[in-house]
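The values are calculated or read from the model by the stated rules, or taken from the named source; none is laboratory data. Computed from a predicted model, the values in this text were never measured in an experiment. Because the Cβ atoms are built from the backbone with ideal geometry, glycine has one as well, and the counts that use them run over all protein chains shown.
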Amino acid sequence: MGDVVVIKFGGGLITNKSQMCTPELETIDNLVGVVKQCIDTGLSVIVVHGAGSYGHLRAKYWRLNEGLINDGSFTPQLDCKSQKEAVSIVRNDMLTLNKIVVDSFQKHGLSTKSLPPHQWAKNTGSNFSGDVKNTFNGESDVLISFGDVVDCDEGEFGILSGDDLVVRICNDISNVRKLVFAIKGVDGILRRPPDEATEDDLIEKWSPNVEYSGVHYTEIDVTGGIGLKAARGAEVAAMGIDVFIVNGEYPERLFNACRGVPTIGTQIFSQ
């Protein structure tokens, strides 16, 4: 590989997060178009995508992020009767979403290799168990992975967030130069809540000692929202890798961030 950029497609960006298993097809095509532009300029690209409405809604209902719970507190759904059944359904739903992303790459003439974490990773957090270096190899144009339900030593299963996955990729894969989070609805990290913020509230350079405001939709989200992206981004920045958060609804911003061209968004620093 030459210089590598890791791009995280936010789950809330590529799906309608309020409606079960609803993709945003035009957005996905636009993001994939940016990846093709990056490859055409000589960059190697690794893509990690979120779950959005293909994972968070059902995972939240069945509390899959908490592991196996045997307290009988769940009301069965019409199509799902238990946590373990929910694990299987969410994994299959994520494969379905991944196939939609892969189909877009194929439409753009790019070959892909998908790497579902439940097939090669174990445990959660950025120190999860799994051979990233040897898993993320191959002759395909783009390697793709995603947030997933994985087996765990404690609790039987848990959620491996794509935001944790990108940390290990950046650490374990040589030549990673940039990590870019493409998110929905905001231009980056803000000083005030998104519904109150103006363009002057965008924090163009953020580090962990800078106060910010972020909305985490805990009623549907089983990972950490913008706070987890900021924290994990700071970990990656400490590795000497450039880290950005941009509004993925503007493809040119994502392309510029991948190339290191100044654009609207937030650059994350470790300190």
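Brief remarks follow.
- When the residues of segment 36-63 are filtered to those that are among the aliphatic types (A, V, I, L, M) and outside any loop (DSSP other than H, G, I, E, B), the one that is farthest from SER18 (Cα to Cα) is ILE39.
- The set of residues in segment 225-236 being farther than 16 Å from VAL186 by Cβ and modelled with pLDDT of 95 or more consists of ARG232, ALA234, GLU235, VAL236.
- Residue within segment 173-188 that is more than 16 Å from VAL243 (Cβ to Cβ) and acidic (Asp, Glu) present: no
- Selection over segment 5-23 of residues that are farther than 15 Å from ASN247 by Cα and part of a loop (DSSP other than H, G, I, E, B) gives a count of 7.
- The residue of segment 93-141 that is nearest to GLY11 (Cα to Cα), among those that are of a type in the set (S, T, N, Q) and in a helix (DSSP H, G or I), is ASN98.
- So ARG191, is it surrounded by 15 or more Cβ atoms within 10 Å (Cβ to Cβ), among the basic types (Lys, Arg), out of contact with any Cys (no Cβ under 6 Å at 6 or more places or on another chain) and closer than 14 Å to VAL4 by Cβ: no
- Among the candidates ASN209, ASN171, residue that is under 15 Å from VAL48 (Cα atoms) and out of contact with any Lys or Arg (no Cβ under 9 Å at 6 or more places or on another chain): ASN171
- In segment 65-107, the residues that are within 21 Å of LEU143 (Cα to Cα), buried (at least 16 other Cβ atoms within 10 Å of the Cβ) and out of contact with any strand residue (DSSP E or B) (no Cβ under 9 Å at 6 or more places or on another chain): ASP93, SER104
- Here VAL149 meets each of (1) assigned to a loop (DSSP other than H, G, I, E, B); (2) surrounded by 16 or more Cβ atoms within 10 Å (Cβ to Cβ); (3) not hydroxyl-bearing (Ser, Thr, Tyr) with one exception, condition (1).
- Considering each residue of segment 41-56 in turn, at least one proves to be within 17 Å of GLN106 (Cα to Cα), among the aliphatic types (A, V, I, L, M) and touching a Cys at 6+ places or on another chain (Cβ under 6 Å).
- Scope segment 243-271; condition over 15 Å from LEU190 (Cβ atoms) and of a type in the set (Gly, Ala, Ser); matching residues: GLY248, ALA257, GLY260, SER270
- Residue count for segment 226-249 satisfying the condition of being of a type outside the set (A, V, I, L, M, F, W, C) and surrounded by fewer than 17 Cβ atoms within 10 Å (Cβ to Cβ): 2.
Here is a yes/no grid of residues against (1) among the charged types (D, E, K, R); (2) in contact with a strand residue (DSSP E or B) (Cβ under 6 Å, 6 or more places away or on another chain); (3) modelled with pLDDT of 95 or more:
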| site | (1), (2), (3) |
| --- | --- |
| VAL210 | no, no, no |
| THR218 | no, no, no |
| THR223 | no, no, no |
| ALA238 | no, no, yes |
| VAL243 | no, yes, yes |
| THR263 | no, no, yes |
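- Candidate set from segment 12-50 (those that are buried (at least 18 other Cβ atoms within 10 Å of the Cβ) and at pLDDT below 95); member that is nearest to the chain's Cα centre (by Cα): GLY12
- Just one of (1) among the polar types (S, T, N, Q); (2) out of contact with any strand residue (DSSP E or B) (no Cβ under 7 Å at 6 or more places or on another chain); (3) closer than 27 Å to LYS107 by Cβ; (4) in contact (Cβ under 8 Å) with a residue 12 or more places away in the chain fails for THR22. It is (2).
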